[in-house]
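Presented below is the structure to which this report refers.
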Amino acid sequence: MPKSENRFQFVSFTERIARVTADVSTWYKQVSSAAEEESTFFYETLIKCGELEGNNEFLNDFVKAIPVEQLRTYTQVLHFQKKLASELEKHLQVENSSAFAILFQLVVALARDIRDDFYQYMWTLFTAITNALERSKHDPEVLEAGFVALAVLFKLQWRHITKDMRKAFCYFIPLFGSRENYMRRFAAEAFAFVFRKSNSVEKFVAFAAKKAAKSDDGFLLDGVAELYFNTFKGVSHQFHSRAQMQFELVLKATLSIEDETQRNTAVEIVDKLIKKMVAFTRKEHSKPITDVLLKFLDLPSSDKRKESVTSLARLLTTWIEYKRGAIFQDYDRLFTIVHKIVRENPDRSESVFLDFISLLLQLRSEAVDKNGQRTKEIVESVLSAQALNVTLAVNFVTTLTDVPGFDVNIMPVVGQFAERVLNQANCARSDEVVVLNLYARICAKRRPISTSDLMQHGSASRRPFMDARNHTTVREHVIKAMDSLDAGVDQLSLERLVPAVAILPWLWRSGETVQGVERVVDILESILDDDTSVERVVDILESILDDDTSKFGPRAGAFALICATTALLIDDKSLASIKRDRFLDFIRRQCCLESSVQLLELVQQRCADWQEMDAVERLKETAEVLSSAFLSPHSVVRRAALGVMAAFPVQLEANDDEKNGGQQESVFDVLLEAESTDLTIQNYRHRLMLVRKLAHGSHRKFMPIGLDKELEWIPLKVILAQFYENFALLWPPLYAIAETYARGMPIDDFWTLFAPILEAANERAASSATSVDTTTAGDDEVGALLEQLVGTNSARPADDVTFRLHMWRLVSRFADVAERRTRIISPMLLKLAREEYKVGESSGRSTEDLSATIKEPVTEEVVEEEEDEDEEKPAARKRPGRRSVTKALVAILDTFAQFQDPKSVYLEPQIAQLYDELLLVPDETVQTAVMKCIFTYKHKFLTPYKENLERLVSDKSFRDELVMFSIDTQDSAVAEEHRKEFMPVLM
């Protein structure tokens, strides 16, 4: 037999269970209709199983308890039926019985023999079988035999069961509510045969919802949904012939339940059913089910309740959400029905219904509504509802911004809605803010801020997307919001000001002149009198630049960027009066946050003093201000900072490119192109090629003349920041490039830069588990709007733990250089081991213990348990995951393992003591790394046994080496003169 054909493959429990079915239609034809000759089914089954399982003690106990030889005829079985049923129930309750599968078959055989008389024992034996299944829920053979038995019993007794479906369901509740998915599936498959034949579907649906509403978890709901699904399911992705009729009954009963809690439960069950059906079927087979949903949705208003439309909207949303509506056929009919509902019931404003309409318009409006007229009428009907909550309406419109024809068909309707809300006599200030926020979010989606486009085209990039004539009321309120600000911006005025500034450029048509306002009140400190809104925005920007950051926090940068963008969209020269130094001071206060750096990139060349200062001096000053931006974890910050630097007209030393007439590239141009290159499989090599140009030595031809240390450090900072990128293919070449700086730069210059980076990486990684950014801009509505407008994400995490690991692995590549600066790295090793790795706690032993040599590998479960223990101690400071700390510790130890003179290491006594403690840690990787460090001492009592100790440390060779490496005094592999010093290390 070929090697590729393995007939004895291991089949997992999940795979075996997936092959098991309790659907009676798949195997019932295989069951013979009559016993051979005149024998009974019970006797035949008993003899057959006895031959196969003659040594089964549990079966033998059962056989001894019944008169086997008196069960050959039907009359005898009828006579002993009570005895047989009693013994079957008794033996099904035996713990850990290996005869369950046989007993299940005997129950079925008894039912086939005594037929209608069996029903009196039906539920007693049913309970015994289900209890046995619960005790054997991890045995596939028992599960299959048990559920097949239940399916046969239901097949045989269905006429009795259908008369009392609710009683049968109560007995099935433990199975339908089981935590195991396969138990619920088996129960549903067994029960579905009877449910299809029931004439009381509506009563059953209400009863099942009542029981499910009382359950503490969602398992029973899922079990009932699974029952309905197996009732309707056919073959080959089709539905059963009775599925349409029965689904109609289920849906009718669900929507007719009076009790709100039970009705919501029933709707949730049908929602789960919809998810199962839409995943099962195909588009061409879906019509029987979707026709029922559309039929109920299209009922006259007098024949359906308000809650029914909401429930149907939820169910249809579930259906058309799957694969973006690919399984739904009749969208034209659905559009017509929805159009009729919103036209006849304009006050319908449930959020579920609005979400359904929004999803429908997003997915199919272009295909069904070519000219957008019906889409416009639907949105108009929704927004014209008098009872519609303003917030609900705003959320509804916000989701429609991607609908085709939004600018032409929907924006005029939005303008009408905004005019109606804002012109109300009792218009609340909060409603005004909500409407302005809506316009701001639409502008953010339709015309997002693009600093690159704005820098290239200036005010020419202002291309209005809406007809301003439909939004004059909003324009008036924007001007009013900017005019009515009180001195000193508070939270409420900010809520109006932020959207007002953001939407100002888009409320005038291209040919119109943006009109002015009377005065912009001092936002933070200063007031400038003027009549043009452009300069009023400049005033706001200047106020932010001069303000103490404590009032605004990190969101000041985003607000300033919006103000600058608005001003430049209206007039290219609007920011010429602002000195560049004020932007630099602002960035210092903002600590080089993303928006503030983008702001400088946008405005610096438009500042009045851009050409006044010496280029080299301006370059050095800017490099000092943006120092932390070059090492930012986020590429967008590094890219903006490099964009600022690349704008300077720097002079480079003449090189071959210039001599040959080519254009010179500065280091900033190269780095900017590298940062602008997407990290993909196709493009990452191009980024590496650009970074390789700046390896130490070859980087000098790209550096400006008259550079200082701060400028020379920029390439190394950006290269090190690449380790924040989650792209593994990039890392190995970066190690080699960064190593050239460690070996090429003067050692003092290199460690002056690298030591703070290493220290900061350790601190951030240690605190990453507990650090919470309490100053994020997304903590309130204003902050969330600012983030959306400028496209930032304050919650974007930085992988400080991985970056720390990369830094230490980089250090291990130039260990000879690091050995000359152990005053820097030795305290870091001790701090990591003592405070993060908790070496004393992890070893769990302060004295030598012979049992400690019996090594147990550290598994994932052990790591998880340790982390769980940390979580159970609220007073303890949470740390990064144990595995990540271990990797960092091993990386540092790898560096120390390469030192040539370990005794000259700073804090050597403490380091040596740490090595001894780490040897007690039951972790192979740590012990291996520590042994390498100890071997650097070249102790005479250890060197001869280096290979033996390495094999003892390894989990794979530990047991073999333990046998081979004898330490007996009579036959010892250890020399006597080494024994005294060697044994403590070994132990």
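Between amide H atoms placed 1.01 Å from N, distances below 5 Å from Lys233 occur with His240, all of them 5 or more places distant or on a separate chain.
Pulled fully out, how much extra length does the chain show between Ala755 and Thr925, if you take 0.36 nm times their separation in residues and subtract their Cα-Cα distance?
That pair, Ala755 and Thr925, stretches by 58.6 nm at full extension.
Ellipsoid semi-axes for the range 606-755, based on the Cα gyration tensor and the rule √(5λ), read 24, 18, 17 Å when sorted largest first. The gain in end-to-end length when the Phe58 to Arg685 segment is fully stretched comes to 218.8 nm, 0.36 nm per residue minus the alpha carbon separation. Here's the picture: a label point sits 7 Å out from the Cα of Arg305 along the beta-carbon direction, and within the range 247-264 the residues with their amide nitrogen under 12 Å of it are 253-264.
Sorting the segments 724-732, 921-929 by their mean number of nearby beta carbons within 10 angstrom, highest to lowest, gives 921-929, 724-732.
Within the range 94-116, name every residue whose backbone N is under 11 Å away from a label modeled 7 Å from Cα of Tyr171 along the Cβ vector. Within reach of a label on Tyr171: no residues.
For the set Lys167/Lys276; Lys48/Lys155; Lys831/Lys887; Lys272/Lys323, the pairs lying more than 19 angstrom apart at their alpha carbons are Lys167/Lys276; Lys48/Lys155.
Residue by residue, the range 920-927 carries 3J(HN,Hα) couplings of 7, 6, x, 9, 4, 5, 5, 4 Hz when phi is fed to the Karplus relation 6.51 cos²θ - 1.76 cosθ + 1.60 (θ = phi - 60°); x denotes Gly or Pro. Spatial offset of the range 667-720 relative to the range 792-821 amounts to 19 Å, using the alpha carbon center of each.
Rolling a 1.4 Å probe over the protein heavy atoms of the range 330-396, with every protein chain left in place, gives an accessible area that is 44 percent carbon and sulfur.
For the peptides 671-677, 828-834, the ranking by packing is 671-677, 828-834, with the highest mean count of neighbouring Cβ atoms within 10 Å listed first.
With a Förster radius of 25 Å applied to the beta-carbon distance between Ala728 and Glu763, the computed FRET efficiency rounds to 0.50. Modelled label positions at Thr399 and Ser430, each set 7 Å beyond Cα in the direction of Cβ, lie 2.2 nm from each other.
Taking 7 Å steps out from each Cα toward its Cβ at Gln651 and Asp298 produces label points 8.2 nm apart. Note that the range 101-220 presents 39 Å² accessible area per residue, ligands and nucleic acids not counted, probe 1.4 Å.
Between Arg420 and Glu366, the FRET efficiency from the beta-carbon distance, with R0 = 41 Å, is close to 0.90. Placing a pseudo-label 7 Å from each Cα along the Cα-to-Cβ vector at Asp816 and Arg115 gives an inter-label distance of 9.7 nm.
In loop segments of the range 64-129 as defined by DSSP, the GluC sites (Glu not before Pro) with at most 12 further C-beta atoms inside 10 Å of their C-beta are Glu95. Full extension of the chain segment joining Glu69 with Gln910 gains 294.2 nm, where the gain is 0.36 nm per residue of separation less the Cα-Cα distance. Annotation: Thr752 carries an accessible surface of approximately 80 Å², with a 1.4 Å probe and no ligand, DNA or RNA atoms counted. For the range 77-117, with all protein chains in place and a probe radius of 1.4 Å, 44% of the accessible heavy-atom surface sits on carbon or sulfur.
The values are calculated or read from the model by the stated rules, or taken from the named source; none is laboratory data. If you're wondering where the values come from, they're calculated on a predicted model, not measured in any experiment. So basically every Cβ, Gly included, is an ideal-geometry build from the backbone, and we count neighbours across all protein chains shown. For the accessible areas, the whole protein counts, side chains as well, though only heavy atoms, and no ligand, DNA or RNA atoms are used. Shrake-Rupley method; radii C 1.70, N 1.55, O 1.52, S 1.80 Å.
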